[in-house]
Amino acid sequence: MSSVYWDGRRFVGKEEIRISPDDRGYYFGDGVYEVFRVYGGRLYEPKAHFDRLVRTADGLRLKLPLSVEAIEENLTRLIAHNRLSEGTVYMQITRGAAPRSHPFPQEAEPVVLAYCNEVPRPAASMEAGIKAITVPDIRWLRCDYKTLNLLPNVLAKQEALDAGAQDAILHRDGTVTECSASNIMIVKDGAVVTHPADNWILHGVTRGVVLRLARASEIETIERAFTVEELLNADEAFITGTTVEVTPVVAVDGQAIDNGSPGPVTRRLQREFAATIG
Ligand code: PDD
């Protein structure tokens, strides 16, 4: 855990951070967040993360207290203060503190919180793959906004762990959307298939990178919704995300995907992804 935090103005120790009990993040989950990957002491794909942050803030009608350029500069300083080489930066911005009442407060200033975590690359699960279960996607209609409201994601993840699996694959009436904290892709007859970037999924930064890498490798990519049945009958399946990178899914609901070991397209994309890290 990092020792230096950024509160939007200063770099301070965790114990110096003062968050009001009236913060709307606490009452309503009224805020935006991003999880950035740091490789070699640098933010990975910062532009894609900041574009999504701005899109979410616009969607929530939450005015960012600083320009994207100023935020990026401060996150870079945060990484330096913490001497972080490999890990993540977590940042959230809430609508601010005001007595609990649903309408936007007149006076409140957005509250920023950012810190680093030292996190190694997930070598073991990328090598062996993970087991997942399917659970109904009970989220709202704007899953493309990266907001602090993550209760359905939390419940799905815990359900997976309680079932002895590592993650939960979400579906709406049998149509696969994404996972508790990652996107999902399948491989069928050599093509990579993944849910389109619409309101039903988070537009993952890693998802975008992997699709780009697949196209550059002349692997066909198809952005369309697929069913749980197609997933179970896929040649390969893998999840993508800032913390999981490209992680194979080798079993779903107790059923092996193909022969139950990571497939060649997944392996290829893992190598291509690793090459982007430098
Ligand atoms: N989660 N889908 C969901 C629901 C997510 O929460 C995430 C990321 C992703 C992958 O997006 P990206 O490739 O930009 O990380 C997809 C972060 C890591 C989290 O909440 O911890």
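Quick note: the coordinates plus some simple rules give every number you see, no bench work behind them. Being a predicted model, the structure only gives us computed values, none of them experimental. Don't worry about glycine lacking a Cβ; one is built from the backbone with ideal geometry, like all the others, and counts go over all protein chains shown.
So for region 123-277: antiparallel DSSP bridges make up what percent, rounded to the nearest 5?
Here the share of antiparallel DSSP bridges comes out near 65 percent.
Kirkwood hydrodynamic radius for region 179-278: how many Å is it when counted over pairs of different Cα atoms?
13.4 Å
What does the charge dipole of region 32-97 about its Cα centre add up to, to the nearest 20 debye, if the Cβ of each Lys and Arg holds +1 and the Cβ of each Asp and Glu holds -1?
For region 32-97, the charge dipole is close to 160 debye.
Which listed residue (Val32, Pro99, Pro136) has the Cα farthest towards the positive end of the charge dipole for the chain, taking +1 on Lys and Arg C-beta and -1 on Asp and Glu C-beta about the Cα centre?
Pro99
Relative to the first principal axis of the alpha-carbon coordinates of the chain, what is the inclination of helix 264-277, with its axis defined by its Cα atoms, in degrees from 0 to 90 and to the nearest 10?
30 degrees
For Arg139, Arg18, what's the fewest-to-most ordering of other Cβ within 10 Å of each Cβ?
Listed from fewest to most nearby Cβ atoms, that is Arg18, Arg139.
Taking only the C-alpha atoms, wrap a convex hull around region 3-118 and report its volume per residue in Å³ as a whole number.
Convex hull of Cα atoms, per residue: 93 Å³.
What dipole magnitude, in Debye to the nearest 20, does region 1-115 give about its Cα centre under +1 on Lys/Arg Cβ and -1 on Asp/Glu Cβ?
Value, rounded to 20: 80 debye.
With each run of n ≥ 4 DSSP H residues scored as -39500 (n - 2.57), what mean residue ellipticity at 222 nm is computed for the chain after dividing by its residue count and rounding to the nearest 500 deg cm²/dmol?
That comes out to -8500 deg cm²/dmol.
Where does the charge balance sit around Val68 when Lys and Arg score +1, Asp and Glu -1, over other residues with C-beta under 10 Å from its C-beta?
-3
Under 27 Å from the Cα of Lys157, which lysines turn up, not counting those fewer than eight places away in the same chain?
Partners found: Lys131, Lys146, Lys188.
Would you report the distance distribution of C-alpha pairs in the chain as whole percents per 10 angstrom bin, up to the bin with the largest distance?
Here the calculated profile for the chain is 7, 28, 34, 23, 8, 1.
Cα centroids of region 1-47 and region 77-154: how far apart, whole angstrom?
9 Å
For the chain, what is the charge dipole size about the Cα centre, in debye to the nearest 20, if Lys and Arg each add +1 at the Cβ and Asp and Glu each add -1 at the Cβ?
720 debye
Around Ile169, which amide H atoms from residues at least 5 apart in sequence, or from another chain, sit under 5 Å from its own amide H, with H modelled in the peptide plane?
Ile133, Thr134, Val135
Got a sec? Charge dipole of the chain, +1 on Cβ for Lys and Arg, -1 for Asp and Glu; which of Pro65, Pro122, Val192 is way out at the positive end?
It is Pro65.
Using +1 at the Cβ of each Lys and Arg and -1 at the Cβ of each Asp and Glu in region 123-277, identify which of Leu213, Pro248, Gly260 lies farthest towards the dipole's positive end.
Result: Leu213.
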